[in-house]
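Just so you know, all these numbers are worked out from the coordinates, no wet-lab data involved. Please read all numbers here as calculations on a predicted model, not as lab measurements. In this analysis, Cβ positions are derived from the backbone assuming ideal geometry, glycine residues included, and neighbour counts consider all displayed protein chains.
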Amino acid sequence: MGHGSSFALMSGLAITLVAALVGGFAARALRLPVLVGYMMAGIVIGPYTPGFIANEQTVFSLAEIGVALLMFAVGVQFSLKELSHVRRTALVAGSIQILGMVLFGIPVAHLIGWNGYEGLYLGCIMALSSTAVVMRVLEERGELGTAHGTLMMGLSLVQDLAVIPMVLLLPVAAGLQPSGGAATTLVWTLVKATFFLAAMVIVAARLVPPILARVASVGSRELFLLALVCLCLLAGGAAETLGLGMALGAFIAGIVVSESEYAHESLSQIRPLRDVFASVFFVSVGMLLDPQQVVRHWAAVSAVVAAIIAVKAGLLIALIRLLGWRGRTAFSVGFGLANIGEFSFVLLTLGRANELISSEMIGVANASAMVTLMAAPFLLRSAPLALSLAGASALRLTVRGDGKRYKLNLRTDAAFDGVQYQSAFTVPAGIWAEITLPLAGF
């Protein structure tokens, strides 16, 4: 590596981290989520605003490492046993939601003035949510292990896997590739995916625990961390080579580690490094926003954002309720996944490289993605309020008093987040009293 390349790498990393630090500190001072500060910092040092411009290629390369470490940590925190509890809901609701949003993209595009193919492309983009942002928001709120947290991660995984057929079939729909060739490519990709999953589950699951045990026996925290980073990047690199994406490979490697006795130690070791590189990823997301595109195409951006928040969230809420989950869980999942994910940028890159979609659509999709990602923490926070506005605002109990003091203690099952409500009151003898319990927390 030449002196110029080394300087570009170091300066790019330094500037990005300083921007993340300043943005995160400002967000905390304003009592906003740190993620919002990171993304705002990305806008400031991005190519679409005046002033200093960070090296995009350097930042995006470092951001890939951040995504891999993020997904590895997610895998470590979620075991196969936990994910199996939501597999039916994730597969059914995820598949229907993806198909529904893909089809809904057509009328949205028609409303904006785009053609049917661009509507199909837009639908694919809107169908995907950001696993990285969802995980980070849940972690900040301490909700990763809750019912809605597990469901959101399961649904995000289904959406991430859907990127593979989208990348293969969208060029076919545009007439750029024969359908027979696409079918062969799709089958080959599925074969590679099956091979990779089998290798990770069967081979890696047997090799990784003893390797970690051997490294841990040395008693060196540095070597243990190095072993984890090697596992994360090797699995991610292998998946990337097979066309499955680095994030997916890192996630599966994390699941393999989660099934070992070193899951807790692995998470505590890799978390600081993950947080540093994850901040680079969120800054890189902010760098994609062109404020002029938002102003120039505000009506189109508003239509796409409204479709995601209203239709995507509403569809998920309805599906999860129909599959037997309670209202608070359904609303949290719906609002928590009402965003455009990082894999949507993969589709936009594909569309730009093959001239499948217009530059206007690329700008609108980028702007819409940024708006929804920045709104993600606030949308999840607003889920209980939305549940109240939907009509399930309170439960009313009527009791006849006898002059004694009562203590009311309600608690949901642990599988449903263990939400608790406590109240103490006195009802005079012979008096009927109505007690109102707010349902937003249930």
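Per-structure values
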| item | result |
| --- | --- |
| Dipole magnitude of region 211-286, debye to nearest 20 (Cβ charges: Lys/Arg +1, Asp/Glu -1, about Cα centre) | 100 debye |
| Separation of the Val276 and Lys192 label points, Cα + 7 Å toward Cβ, nm | 3.2 nm |
| Charge dipole magnitude, Cβ of K and R +1, D and E -1 - region 92-241, Cα centre, debye nearest 20 | 380 debye |
| Residue among Leu169, Leu248, Ser260 farthest towards the positive dipole end of region 3-389, charges placed on Cβ | Ser260 |
| Dipole moment magnitude, nearest 20 debye, region 3-389 about Cα centre, only Lys, Arg, Asp, Glu C-beta charged | 800 debye |
| Ordering of 221-232, 276-287 by burial proxy (mean other Cβ atoms within 10 Å per residue, highest first) | 276-287, 221-232 |
